[in-house]
1. In nm, to one decimal, how far is the GLU252 label point from the ASP47 one, both placed 7 Å along Cα→Cβ?
2. So if we plug the beta-carbon distance of GLU218 and THR24 into 1/(1 + (r/R0)^6) with R0 = 35 Å, what FRET efficiency do we get, rounded to 0.05?
3. Quick one: if you stick a label point 7 Å off each Cα along the C-beta vector at GLU124 and SER272, how many nm between them?
4. For ALA201 and ARG318, FRET efficiency with R0 = 60 Å and r from the beta-carbon atoms, rounded to 0.05?
5. Which stretch or stretches of region 342-378 have amide N atoms under 17 Å from the point lying 7 Å from GLU297's Cα along the Cα→Cβ direction?
6. Given 0.36 nm per residue, what is the gain on full extension from SER40 to LYS176 after removing their alpha carbon distance, in nm?
7. On full extension of the chain, what length is gained from GLN93 through CYS241, given 0.36 nm per residue of separation minus the C-alpha to C-alpha distance?
8. Where does the charge balance sit around TRP377 when Lys and Arg score +1, Asp and Glu -1, over other residues with C-beta under 13 Å from its C-beta?
Amino acid sequence: MRGVAVELVDAVFERYMRPPERLTVSKHAEKYRMVAGKDSPYPGPWDNARSPWLVDPMDAWNEQGVTDIVIMASTQSGKTTVMENCLYYTIDQDPRPSLYITSDAAAAKEFNDDRLIPNLEASERFARHVPVGDRRKLKRNKVTFPTMNLNLIGATSASQLARISVQRGFFDEIDKWAQVVRGRGKTEGSAEQLAEARFDAVPADEQKRVWVSTPTDEGVGIHARYTKSDQAHWEVPCPHCGKYQELRFRWERGARGGVRWEGGLGEGLEGSEFAAFVQRVRESAWYECEHCGGRIESGDKKWMNERGVYVRVGQTVRPIDTHDTRDKKPAKGEVVGDPPQTRVRGFAFNQLVVTWIPFGEVARGFVEERGVPERGWVNRVLGQAWKQPGQGTDAARMAEITVSAPGEEAYGRGTVPPEVSGMIGFIDIQSDHAWWSVRGYGAREQSWLIDYGRVECPEVVSDRTV
C-alpha cells in the first residue's frame with residue numbers, strides 16, 4: 001500500500017510541482033513534440049533541421065522583455081507551426097491563462113479538433129495534460145487543462161473577445177479577422193483591438209503574444225504590425241560566392257537576382273502548348289545570385305538554410321567561405337550592427353526559402369498569370385503585402401525599375417534609349433512630398449523609366465498648398 005502512495009505522490013510532483021526544464025521553445029519541440037500524421041507531410045518527431053527559419057521565431061518566445069512576436073509569411077512556410085509550438089510549450093512548461101483567436105468560430109473548432117488535441121495526444125509528454133474521462137473539458141471554445149484554461153474563439157464574437165483576461169495570446173491569420181466587431185450597447189472595434197484589450201490588467205512583463213498571418217494589403221493587419229517591429233528577414237548565403245541575400249522573386253524589369261527560367265512568358269503559346277511550357281518552367285527554373293550571378297538550384301536550399309540567419313533593421317551579414325566544411329556544424333555568417341531595441345520581434349519569410357517548394361513551383365504561378373501577378377499570388381507565395389494603386393513608392397523601388405530586363409541592353413538613368421518614340425511625364429503628390437517621373441514609350445508596346453525624382457512639398461495648411 002505504501003508503494004502505491006509513493007507512486008501517487010511522485011506522479012503529482014512530476015505533473016504539478018517539478019520546476020520547468022530550461023529549454024527554449026525550439027528545443028522543447030525537438031525533444032517532446034510528435035507531429036500528428038493526419039494533415040502533415042512530415043509526421044513523427046519534430047525536427048528543427050527541416051525548417052531552420054522557424055527556430056528564431058520560436059525562441060523569441062523565451063526572450064526576456066519581448067511581449068509580441070509578429071510573423072508575416074507566405075502560405076505553406078510553417079508560420080502557424082511556430083504559434084503551435086509556443087502554445088505546446090506554454091501548456092507543458094509555463095501554464096498561464098491563454099487565448100487562441102482565428103477568423104471565426106468554425107475555424108477555431110477545426111484547430112481544436114484537427115490540430116491541437118491530436119498533436120497533444122500524439123506526444124507521450126503532452127498527452128498527460130489532456131483531460132481524460134470527461135470530454136466536455138475539450139469543448140470547442142474552451143479547453144480546461146489541469147493547470148490552465150485555453151479559450152479558442154473566432155474573431156467575430158464580440159462577447160467572447162470582451163470578457164476574457166489572459167496572459168498568453170496565440171493569434172492566427174489576423175488579416176482574415178473582422179475589422180468591425182459589434183458588441184452590446186452598439187459598441188464596436190476591430191478584433192485586433194479587442195484582443196489586445198484582454199491584456200490590459202496584466203503587467204507588461206507577464207504578457208506574451210504571437211501574431212501570425214499571410215499579409216493582404218500594405219499598412220493593415222500583419223504588415224502594419226511587422227513595420228512596427230524590428231523587421232527581421234531571413235537571409236541565406238550563395239553556395240558559389242558565400243554572400244548573403246534575402247530570396248526575392250524580382251519580376252521588375254532588369255532586377256539582378258531572383259528566379260530565372262528559359263522562354264520568357266511563353267508569348268504566343270496557347271492551350272496545350274502553353275501548358276507544356278508552364279510545366280517546363282516548373283521543372284527547370286533556378287535562382288540567380290544577386291551578387292555573383294551564380295545559378296542556384298532548388299537542391300541547394302537545404303545547404304543555404306542550414307547557414308541562414310535573421311537580419312534586422314540596421315544589420316548586415318558577413319560572407320562565409322563556401323569551401324570550409326571542416327566543422328560538423330555549418331558555419332554561419334556573422335550578423336553585424338546593432339538591432340532596434342523593442343519589445344516587438346518581427347519575422348518575414350516566403351516560399352522561396354522553403355525546402356520542400358522548388359523554385360519552379362513559384363515561377364509556375366507567375367507564368368500562369370502571364371507575368372502580371374495578382375494580389376493573391378503576391379500575398380500567398382511571396383509573403384508580401386499588396387501595394388494599392390496610389391500608395392506611393394520609395395527611392396529604392398524607383399531605382400530598381402530603371403534598369404533593363406534580362407536579354408535587353410542596359411541603359412542609365414537620364415538616358416533615352418533609341419527605341420523611344422515618345423515620352424510622358426508623371427507626378428504623384430503625397431501628403432508632404434511628390435514623386436515625378438518621365439517614361440519613354442516604343443512602337444512595340446515597350447516602355448522605359450527615363451528619369452525620376454522626389455520633391456519635398458512646401459508647408460501644407462488646411463489641405464491646401466501655400
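1. Calculated label separation equals 3.8 nm.
2. On the way: r = 33 Å, r/R0 = 0.93.
Once rounded, the FRET efficiency stands at 0.60.
3. 5.7 nm
4. Numbers: r = 46 Å, r/R0 = 0.76.
The calculated FRET efficiency here is 0.85.
5. Answer for region 342-378: 355-361.
6. On the way: separation 136, 0.36 × 136 = 48.96 nm, distance 2.30 nm.
Residue separation times 0.36 nm, minus the Cα-Cα distance, leaves 46.7 nm.
7. Details: separation 148, 0.36 × 148 = 53.28 nm, distance 4.27 nm.
In short, 49.0 nm is gained.
8. Working: positive: ARG364, ARG370, ARG375, ARG380; negative: GLU361, GLU368, GLU369, GLU374.
Here the count lands on 0.
Read-outs throughout are calculated quantities, based only on the coordinates presented, and are distinct from any laboratory measurement. Keep in mind the model is a prediction, meaning the values are calculated, not measured. Note that we place each Cβ from the backbone using ideal geometry, even for glycine, and neighbour counts take in every protein chain shown.
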